[in-house]
Each structure stands twice: as structure tokens, then as C-alpha cells.
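*Asks:* Before we start, here is the structure in question, set down as C-alpha cells.
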Amino acid sequence: MGIGSLNETVEDRGSSLWRLTTVALVLVCLGYAALLLNIRSWDNGGVTILWPSNGLLLGVLLCSRRRQWAAYLVVGFAVDLGLNLALTFAPWTSVYLAGCNMLEVGIAAALMYRTISPNPDLTQRRQLMSLLLFGVVLAPAIASALAQLSISNLHAVPRFTAARHWFVADALGIAVMTPLYLSFRQREQFPGRSRLEVAGLLTLLVVAALGVFWQTRFPLLFLLLPVLLLLGARLRLAGSALGLLIVSIIGGYLTIRGQGPIALVHSGSSMTGDLLLQFFVAVSMLVLYVVEVVIAERERLQVNLKSSETLFRLLAEASNDVIVLSDLSGARRYISPAVTTVLGWEPGELVGHTHLQIVHPDDLAAVEALMRACREGGRSRR
């Protein structure tokens with residue numbers, strides 16, 4: 001091994017260690033923030049509203065080589081174990097629940113890796129379907145089915161209820177955090193938007209969320225969806241995911257305090273309010289992501305059409321043959337420049353007219369039969 005190779009190896013190890021440390025610190029911050037949001041809900045008999053750590057870790061794995069996964073999963077396990085112990089769970093219970101979380105992330109990453117990892121872009125329909133099917137549905141369902149064996153005993157709730165609570169919180173966490181991480185990690189954040197516009201849109205959403213959830217007199221929850229759609233249209237997928245995270249935090253905190261339009265549902269149960277908020281976030285997420293895919297596909301189609309037009313014009317204008325494009329009525333829409341060399345006319349003299357102006361009367365019947373065959377999709381002759 002040469003000196004250059006040795007230096008590269010040392011640099012790679014240092015870079016990997018720095019990434020592991022950064023991921024660990026972010027997971028600790030996310031976990032602590034989630035505890036602050038959810039502990040009051042637990043104390044009031046509510047559920048875990050959002051668990052974002054698994055979503056972030058899944059995004060990290062999808063942007064890393066497979067051989068690095070073990071290190072990230074160990075870091076995630078250690079952070080999760082520490083949070084469980086901080087909640088005064090029994091050691092074996094803490095280990096078991098942390099293992100369920102890492103199993104969830106590992107299953108989702110393994111199933112999504114081939115589809116997403118080469119070029120992460122959740123605005124592609126196939127990638128979004130992979131996220132929703134494997135990351136939001138299948139992996140949390142498996143982990144929740146295993147975790148409920150411990151949760152139901154820990155909190156004295158029915159096993160199906162325990163599994164459902166785990167599933168919803170983790171599914172929403174992945175649906176919000178994984179697209180947010182991939183958007184910021186792989187692509188330009190908020191392309192074509194100034195910092196002033198980004199700050200203004202985010203401020204608008206924060207003000208709207210506070211206004212909706214601070215009061216309890218009017219059912220104004222529907223007002224948030226147009227603001228989220230505006231955020232998604234201007235800031236794209238990163239804006240949609242960030243907006244959902246902001247609404248989940250503000251809405252979750254104030255709903256737990258008994259404020260907001262969800263408090264108008266007089267069920268007498270904090271759990272019902274939490275579940276209604278989760279349902280609103282889930283529906284908003286589906287609407288935003290589907291709209292984002294539709295917009296992105298339309299933009300890709302426009303780019304492809306423009307590229308095809310550019311290629312056609314390049315070939316047509318360089319050809320020595322006369323190339324004519326006409327509509328179904330026979331009116332010419334484009335004529336290549338070779339018409340000047342071959343026939344002596346300028347293209348502008350012929351565009352907009354039909355064959356009636358240049359075809360000999362004896363040949364009109366044959367030309368019209370040819371045009372009719374083209375319109376009907378039949379076989380034509382020269």
C-alpha cells in the first residue's frame with residue numbers, strides 16, 4: 001500500500017467517524033424533542049404522536065453503502081436504548097424495544113435500497129410507492145407486531161391497541177423525516193427560491209398553525225391544507241415534508257394541552273384527539289406527496305418534449321431533404337430550410353398554407369387520398 005492510499009484510508013475513516021458522530025448527535029436531539037412532545041400525551045393517557053428518529057436513520061442508510069449500515073444501526077440502537085432507560089424502562093425491555101426500532105429501519109432500508117439508493121428522488125412514482133409500501137406500511141407493521149408484546153404489558157393496554165399506537169407514530173415519522181432528509185441530502189434545497197421567500201412561507205405556515213391550534217371555538221383545521229399545498233408548490237418536496245413536521249409539532253403540542261379544533265370533538269379521551277391529529281397529518285401527507293409527483297412528472301414531460309423538439313429541429317434543419325409537418329387539415333406548420341435549395345421557396349412562404357396552393361389540379365385527388373389515409377391511420381403510398 002502506497003502513502004497516497006494510506007492517507008486516503010485515514011481520511012475515509014475520519015470522515016466516517018465524523019458522520020457517525022453527527023448522526024448520533026442528531027438522533028439524540030430528535031429523540032429528546034420527541035420525548036418532550038410525547039411525554040405529556042402519555043401522562044394524559046394519549047399516544048405517541050410522532051417518532052421521527054427511525055425516519056432519519058432510514059434516510060441515512062439509503063444514502064450510505066451497505067457495509068456502513070451495521071455501524072449506523074449500532075449507533076441508532078445505542079441512542080434508542082439510552083432514551084428507553086431514561087424513561088425508566090427495565091433494561092431488558094429497553095433492549096427489546098430498541099431492537100424493534102432497528103429491525104424496522106433495517107427491513108425498510110433493505111427493501112427500498114435498490115429502488116431509491118442509486119438516485120434518491122421521491123418525486124418519481126416508483127420511489128414514492130416504495131417508501132409508502134415498505135417504509136410507511138410494511139416495516140412499521142412488523143416492528144409494531146413485535147413491540148406490542150412488551151408495550152401491552154408495560155402500559156397495561158390491549159395488544160392490538162399497543163401495536164396500532166406504535167405503528168401510526170413510526171409510520172408518520174418515516175413519512176415525514178425520510179423525504180425531508182433525502183431532499184436535503186441529495187438535492188438542492190428549495191431550488192430557485194430566495195431565502196426571503198423560504199423564510200416568508202415557513203413563517204406563514206407557523207402563524208397559520210398557531211392560529212388554527214391556539215383557539216378552540218371554530219373548526220379551522222381545513223385552513224392548514226391550502227397553506228401546506230402552497231408550501232409544497234413553491235418549495236417542492238422538501239417544503240412539503242418540512243411543513244408536515246411543523247404542523248405535527250405545533251399541532252401535537254397544543255392538542256395535548258387541550259387546545260385547537262380537535263378539542264371540539266368532545267370524546268373525553270386524550271387518545272382520540274391524538275389519533276385525529278395523526279389522521280389529519282397522514283391525509284395531508286398523501287395529498288402533498290401525490291401532488292408533488294404529478295407536478296414533477298409534468299415538468300419532466302415538458303423537459304423531454306423540449307429536448308425532443310430541439311433534436312428534431314437540429315436534424316431537420318441540417319437535412320438536405322425537404323421535411324414538412326402539417327396538421328390534420330393539411331395546413332403546413334413547419335418546413336425545413338432545405339425547401340429553399342430544392343424548390344426555391346422560403347419556408348415562410350409555405351407555412352400556414354395547404355397543398356391546394358402548390359399541387360397541380362390533376363394531382364389533387366391523389367394527394368387528398370394520401371392525406372385522408374394519414375388521418376385515418378391507414379397505410380399510405382408515396
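The values are calculated or read from the model by the stated rules, or taken from the named source; none is laboratory data. Owing to the predicted nature of the structure, the values given are computational and were not obtained by experimental measurement. Positions of Cβ are backbone-derived with ideal geometry, glycine not excepted, and every protein chain shown enters the neighbour counts. Surface accessibility is based on the protein's heavy atoms, side chains included, excluding ligands, DNA and RNA. Shrake-Rupley method; radii C 1.70, N 1.55, O 1.52, S 1.80 Å.
*Asks:* So which residues in the stretch 291-313 are within 30 Å of Thr48 (Cα to Cα) and either open to solvent by 40 Å² or more (accessible area, probe 1.4 Å) or acidic (Asp, Glu) (or both)?
*Replies:* Val291, Glu292
*Asks:* Between residues in the stretch 114-129 that are in contact (Cβ under 8 Å) with a residue 60 or more places away in the chain and residues that are surrounded by 13 or more Cβ atoms within 10 Å (Cβ to Cβ) and among the aromatic types (Phe, Trp, Tyr), which pairs lie under 9 Å by C-beta distance while being six or more apart or on different chains?
*Replies:* Matching pairs, first to second residue: Leu122/Tyr289; Thr123/Tyr289; Leu128/Tyr289.
A quick yes/no check of all residues on (1) of a type in the set (Val, Ile, Thr); (2) under 22 Å from Ala70 (Cβ atoms):
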| residue | (1), (2) |
| --- | --- |
| Ala110 | no, yes |
| Tyr113 | no, yes |
| Pro118 | no, yes |
| Thr123 | yes, no |
| Phe134 | no, yes |
| Ala145 | no, no |
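So that you can scan it fast, the table gives a plain yes or no per residue for (1) assigned to a helix (DSSP H, G or I); (2) buried (at least 22 other Cβ atoms within 10 Å of the Cβ); (3) among the polar types (S, T, N, Q); (4) touching a residue at least 40 places away in the same chain (Cβ under 8 Å):
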residue: Asn54; (1), (2), (3), (4): yes, yes, yes, yes
residue: Ala70; (1), (2), (3), (4): yes, no, no, no
residue: Ala78; (1), (2), (3), (4): yes, no, no, yes
residue: Leu81; (1), (2), (3), (4): yes, no, no, no
residue: Thr93; (1), (2), (3), (4): yes, no, yes, yes
residue: Tyr96; (1), (2), (3), (4): yes, no, no, yes
residue: Leu103; (1), (2), (3), (4): yes, no, no, yes
residue: Ile107; (1), (2), (3), (4): yes, no, no, no
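*Asks:* Moving on. Given the options Leu225, Leu288, Leu245, Leu221, name the one that is open to solvent by 40 Å² or more (accessible area, probe 1.4 Å) and not basic (Lys, Arg).
*Replies:* Leu225
*Asks:* Here's something else I'd like to know. What do you reckon, is Leu264 surrounded by fewer than 16 Cβ atoms within 10 Å (Cβ to Cβ) and under 27 Å from Leu36 (Cβ atoms)?
*Replies:* yes
*Asks:* Does any residue in the stretch 197-225 that is under 19 Å from Gln259 (Cβ atoms) come within less than 6 Å, Cβ to Cβ, of a residue that is modelled with pLDDT of 90 or more and open to solvent by 60 Å² or more (accessible area, probe 1.4 Å) six or more places away or on a different chain, and which pairs are these?
*Replies:* These pairs meet every condition: Val212/Leu223.
*Asks:* Take Arg217 and decide whether it is basic (Lys, Arg) and outside any helix (DSSP H, G or I).
*Replies:* yes
*Asks:* Okay, next question. Every residue in the stretch 314-326 that is part of a loop (DSSP other than H, G, I, E, B) and crowded, with 17+ Cβ neighbours inside 10 Å, please.
*Replies:* Scanning the stretch 314-326 gives a single hit, Val322.
*Asks:* Please enumerate the residues belonging to the stretch 327-366 that are open to solvent by 60 Å² or more (accessible area, probe 1.4 Å) and in contact (Cβ under 8 Å) with a residue 40 or more places away in the chain.
*Replies:* Leu328
*Asks:* Looking at the stretch 214-254 only, could you name the residues that are under 17 Å from Pro52 (Cβ atoms) and among the polar types (S, T, N, Q)?
*Replies:* If the condition is that a residue be under 17 Å from Pro52 (Cβ atoms) and among the polar types (S, T, N, Q), then Ser240, Ser248 are the ones that fit.
*Asks:* Got a sec? Which of Ala169, Ala208 is open to solvent by less than 30 Å² (accessible area, probe 1.4 Å) and under 19 Å from the mean Cα position of the chain (by Cα)?
*Replies:* Testing whether each residue is open to solvent by less than 30 Å² (accessible area, probe 1.4 Å) and under 19 Å from the mean Cα position of the chain (by Cα) leaves just Ala169.
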